Amino acid sequence: NGKIIIYVGEISKFKGVDILLDAFDEVRLSMQGTWLLLSGPVVGVDIKRKGVIYRRFPLREEVAKALSASDVAALPNVKNRFSEYCFPYKLSEYMAAGIPIVATDIGDASLILSGFKDSLCKPNDKYDMAAKISKALSGNAKPDYRKILKSLEWKTLSNKLLSIITK
């Protein structure tokens with residue numbers, strides 16, 4: 001009967017996981033039975049907290065199963081030159097799972113999730129992240145990311161690039 005928030009990737013301050021952990025502590029104050037599932041290499045962050053579960057998922061299908069068992073996926077990037085210009089590939093995986101996403105409002109995550117305003121939280125703000133996670137956990141609606149995912153398929157992207165080149 002619990003709720004699961006998932007993050008898959010490098011577990012570090014560089015990736016904002018320290019902010020996610022602090023936001024999770026805030027969520028647990030009002031939502032008992034909430035769990036944070038982390039998977040990935042741990043780099044300089046203490047993940048030993050109440051309600052945090054750490055698992056290694058070496059196979060892609062294990063990641064898919066973990067995502068399908070989760071209620072919210074988190075993308076807690078901090079604002080820096082890397083996060084402003086990189087494409088977070090885990091965002092596509094999260095969308096393919098069809099679960100609500102809470103992401104920092106920067107870079108491509110801002111562009112891709114612009115139609116899902118409740119998904120975007122202020123950079124480096126554990127309270128805003130906690131509020132968005134709590135709202136996502138409280139709702140029953142499953143977001144429809146199919147149109148966005150279609151626009152990210154290689155065929156669509158390659159046709160777009162071909163069009164640019166031929167002009």
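The values are calculated or read from the model by the stated rules, or taken from the named source; none is laboratory data. Because the structure is a prediction, the values reported are computed rather than measured. In case anyone asks, the SASA skips ligands and DNA or RNA and just uses the protein heavy atoms, side chains included. Shrake-Rupley method; radii C 1.70, N 1.55, O 1.52, S 1.80 Å.
Some notes on this structure:
- Axis angle, to the nearest 10 degrees, between helix 154-166 and the longest C-alpha principal axis of the chain: 40 degrees.
- Per residue solvent-accessible surface (Å²) - the chain, probe of 1.4 Å: 58
- Carbon/sulfur fraction of accessible area - the stretch 1-114, other protein chains in place, 1.4 Å, %: 53
- On full extension, the segment bounded by PHE87 and SER68 gains 4.6 nm, given 0.36 nm per residue less the C-alpha separation.
- Fraction of alpha-carbon pairs over 18 Å apart in the chain - percent: 59
- With all pairs of separate Cα atoms included, the stretch 86-154 yields a Kirkwood hydrodynamic radius of 12.4 Å.
- In the stretch 53-128, the inverse of the mean reciprocal separation of distinct Cα atoms equals 13.1 Å; this is its Kirkwood hydrodynamic radius.
- Calculated [222 nm] ellipticity per residue, helices only, for the chain: -13000 deg cm²/dmol; basis is -39500 (n - 2.57) per DSSP H run with n ≥ 4, divided by all residues, nearest 500.
- Every Cα-Cα pair of the stretch 2-56 was included, and the share exceeding 12 Å stands at 60 percent.
- A straight line joining the Cα centroids of the stretch 95-167 and the stretch 1-79 runs 18 Å.
- Listed by chain and number, the lysines whose C-alpha is less than 16 Å from the C-alpha of LYS160, apart from same-chain residues fewer than 8 away, are LYS147, LYS150.
- Hydrodynamic radius (Kirkwood) for the stretch 1-93, which is based on Cα pairs only, to one decimal in Å: 13.7
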